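These notes concern the structure reproduced below.
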Amino acid sequence: MVPLPKTLVLPDGTLIPGSVRRRCSISALARLSNRPRTAVVLSGGEGVRLRPITSDLPKGLVKVGGKPLLQWVVEWLKANGVSKIVIGVAYLKEQIIDFFGDGARFGVKIQYSVHTVPGGTSEGFRLAISRYVDDETFFALNGDQITDLRLDEMLAKHLKSGTVSTIAVIHPRLPFGLVKVDKHDYCRGFLEKPVLKDVNISTGIYVFHHGIVKHLPRVGDVERTTFPKLSKVGKVAAFRHRGSFITINSLRELEDAEKRLRSQAH
């Protein structure tokens with residue numbers, strides 16, 4: 001039998017002596033690694049730009065590619081090893097709670113944190129974290145994305161950065177074509193829905209350290225309050241995602257998402 005190494009170094013840098021390894025089960029070692037298993041997902045907005053669909057349906061239950069948008073998020077989190085999900089709800093919250101229940105049929109544990117629509121993402125995150133999150137490090141996101149982003153890769157970047165938060169960023173694709181015009185007003189070329197490779201936008205997917213709570217105001221959006229403040233002191237890192245990313249914030253984006261998902265299926 002090959003002897004066990006004296007010390008095991010886990011991906012996050014934790015050292016596990018051989019004597020401890022022999023006494024611990026695999027699940028115990030997983031707990032010692034401090035691998036985040038919790039995600040806070042906000043799904044409380046009114047989805048105004050998706051009306052009339054969202055007049056009597058919460059945005060998270062709007063179907064895209066044959067299933068509710070928030071179901072895509074829950075299944076993606078499960079596939080990335082997240083077992084506990086806290087969903088921040090507000091607008092038509094009862095429908096989301098009725099649909100997802102305790103999360104058992106999706107293979108996860110789901111809890112709900114109620115906030116107000118005017119309170120914004122800052123209130124949504126602050127209340128959900130304060131009420132239900134004990135983890136030192138965890139994932140947080142706006143619940144309107146369909147993506148193949150790997151959370152373990154994003155987490156590794158975050159742990160190396162030593163920041164309070166890490167934001168997944170991506171190059172945006174313009175929803176319309178560009179026309180190249182010279183100084184004499186002649187058209188010299190066309191670009192159909194180009195990807196802007198010199199620009200980064202937030203995907204709305206984050207890794208948070210629990211200490212971020214003290215930087216979340218009672219009302220407002222983290223994108224306009226918390227992140228600008230923390231970025232000035234070097235406490236916000238970026239993770240560049242180069243894979244698939246679909247967000248649905250308008251009827252046009254919903255139509256585009258349907259087309260992209262159909263093309264990916266063939």
Report summary line: Per-residue accessible area, 1.4 Å probe, largest first, puts 235, 229 in the order 229, 235
Query - Two-decimal ratio, the chain, of alpha-carbon radius of gyration to 2.2 N^0.38 Å - result: 1.14
Query raised in the report: Taking the Cα-to-Cβ direction at residue 79 and at residue 117 and moving 7 Å from each Cα, how far apart do the two end points lie in nm?
Result: 3.2
Query raised in the report: Can you give the FRET efficiency for residue 229 and residue 191, using 1/(1 + (r/R0)^6), R0 = 30 Å, r = Cβ-Cβ distance, to the nearest 0.05?
Result: 0.25
Report summary line: Given a Förster distance of 22 Å, the FRET efficiency implied by the Cβ-Cβ spacing of residue 202 and residue 153, rounded to the nearest 0.05, works out to 0.80
Query - Relative contact order, percent, the chain [alpha-carbon distance under 8 Å, six or more residues apart] - result: 20
Query raised in the report: How big is segment 106-179 on each of its three principal axes, counting only the C-alpha atoms and giving the largest first in Å?
Result: 50, 35, 29
Report summary line: Computed over segment 161-266, the Cα gyration tensor eigenvalues, each multiplied by 5 and square-rooted, give semi-axes in Å (largest first) of 33, 20, 13
Query - Solvent-accessible area, 1.4 Å probe, carbon plus sulfur percent, for the chain - result: 55
Report task. Might you tell me the accessible area per residue for segment 204-266, computed with a 1.4 Å probe and given in Å²? Result -> 59
Query raised in the report: So how exposed is residue 171, as accessible area in Å² (1.4 Å probe, rounded to 10)?
Result: 70
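The values are calculated or read from the model by the stated rules, or taken from the named source; none is laboratory data. Because the structure is predicted, anything quoted here is derived from the model rather than measured. For neighbour counting, all protein chains shown are included, and Cβ atoms are generated from backbone atoms with ideal geometry for every residue, glycine included. Note: accessible area is taken over every heavy atom of the protein model, side chains too, but ligands, DNA and RNA are not part of it. Shrake-Rupley method; radii C 1.70, N 1.55, O 1.52, S 1.80 Å.
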